[in-house]
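Since the structure comes first, as structure tokens, the remarks are kept for the end.
Every number here is computed from the coordinates shown, using simple stated rules; none is lab data. All figures in this text were calculated on a predicted structure; none of them were measured in a lab. A quick note on method: Cβ atoms are made from the backbone with ideal geometry, for glycine too, and the neighbour counts reach across all protein chains shown.
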């Protein structure tokens, strides 16, 4: 009886709350939004006043601040990353690709679980980086790699991938490429195989060269040393009068500065030309104090500052949501495309420039990511999983399945020092029909041939497919499901 009374009391309370809510909703409200909602054309019918002005300033600044963040984050990130990539540690780790300005840096060994300098790194290639200050054209010379896969991506400071140099697009024969800055109208020397017109005064060369399992890496090192980068004046045997060895220092603001992004954006805009297609957008940023490479906080009223501060908190969430709005889910794998063709999807461009800086387009490589099992539960070393491939992923180059710890985005330390299984894995066991299963778990199994070690906690997977077949590019390839077996 007591239980029935308590249940009846709860229902009465719920109904009373609902009635009060309905009554409250029916009561007339004297708000700015009501004034707008009751008019057929509020721009004509509603008389402006101080309250409307304050709210309008706030809403406009918040909208413009969000747009500025989505559009400008990639450029800010590139300016910060380029300065990081020319800051060479001493001593330089063998996995580091950093190099001084206008020089090529190569990693000389694959990363392990002990290396923390690059989250979500692949375990298939040596990375290359070169930040080029294009005070004049620069000449990139690549060696004959005799069919070995490599690629050098040419990025501008908007994180736009201008060109692919390498096996798929230009071949593996020796090549000479000219990197030309904006508005340069001089004459290039003879013998140039390809001209890349860069839209910003700085370019980033981001490369990879394939390392085969168990090979003598001195052969790879010899190839790496044959990649050369020279200013055109040096290439032609002339004195380089404008050689720069550093970049203008980028200011740093504390996390407590809630307007710091807009300060960074103004700096980045001062370093790079505004593209023709962006001029209308950039012109509107003057309303929030961004003009002529400066952020004028003093010109803004309290309502505008409130809107900008809120935008700086919320805009990153809109960028992160691009992972889902700009990608496709196939059997639980998150598959993103158009990493080299963002169009006007600034949020997606910013997402890739963030945790996936240097990402390539789908013709060069695809990177399906897996965070959950077949039941939609987050993957964890508390369970065991299998992934069954009916055949090897369809690629023209190579593929790999790599595991990362969810909290650090680094490899999982294990006694086999195994961080991936791939087309190069000599011990990978297949069935008679060519199919194979990969076992993913924390506990070491009796047979380790097809075991991909997992941590005790959360993890995620990336299936890298280099030079994928057209059905993969067209999203017609059915990626294998990940089944939890215990």
- Go ahead and run the numbers for FRET between residue 258 and residue 383, Cβ-Cβ distance against an R0 of 41 Å, rounding to 0.05. 0.50
- Note on the structure: Distance in Å, no decimals, from the C-alpha centre of the range 379-393 to the one of the range 134-181 is 36 Å
- Query: Ranked highest first by average number of other Cβ atoms within 10 Å, how do 425-436, 54-65, 324-335 line up?
  - Reply: 54-65, 324-335, 425-436
- Checked the range 355-437 against the a/c 1.5 cut and the a/b vs b/c comparison, axes a ≥ b ≥ c from its Cα gyration tensor; verdict rounded
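Between rounded, prolate and oblate, where does the chain land on the alpha carbon gyration tensor, with a ≥ b ≥ c its root eigenvalues, rounded for a/c under 1.5, else prolate if a/b exceeds b/c?
Oblate, because a/c is 1.5 or more while a/b does not exceed b/c.
Need one word for the range 54-166: rounded, prolate or oblate. Basis is the Cα gyration tensor (sqrt eigenvalues a ≥ b ≥ c); a/c below 1.5 gives rounded, then a/b vs b/c decides.
Prolate, since a/c reaches 1.5 and a/b exceeds b/c.
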- Task: Mind checking the full-extension length gain between residue 234 and residue 112? Use 0.36 nm per residue of separation minus the Cα-Cα distance, one decimal, nm.
- Result: 40.1 nm
- Item | Relative packing of peptides 394-407, 123-136 - highest average C-beta neighbours within 10 Å first | 123-136, 394-407
- Query: For 387, 462, what ranking results if the residue with the fewest other Cβ atoms within 10 Å of its Cβ goes first?
  - Reply: 462, 387
- Note the full-extension length gain between residue 470 and residue 345 as 0.36 nm times their separation in residues minus their Cα-Cα distance, in nm to one decimal. 42.6 nm
- Averaging sequence separations of C-alpha pairs under 8 Å and six or more residues apart, then dividing by the length of the chain, give the relative contact order as a whole percent. 16 percent
- Query: How far is it, in nm, from the label point at residue 296 to the one at residue 174 when both lie 7 Å from their Cα along the line to the Cβ?
  - Reply: 5.7 nm
- Assuming R0 = 45 Å, what is the FRET efficiency of residue 192 and residue 314, from their Cβ-Cβ distance, to the nearest 0.05? 0.45
- Could you calculate the FRET efficiency of residue 94 with residue 449 from 1/(1 + (r/R0)^6), where r is the beta carbon distance between them and R0 is 35 Å, rounded to 0.05? 0.75
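State the extension gain, in nm to one decimal, for the chain segment bounded by residue 218 and residue 325, taking 0.36 nm per residue of separation less the distance between their alpha-carbons.
Extending this stretch completely gives an extra 34.1 nm.
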- Message: Looking only at the chain, where both bridge partners belong to it, what percent of the DSSP beta bridges are antiparallel (to the nearest 5)?
- Response: 90 percent
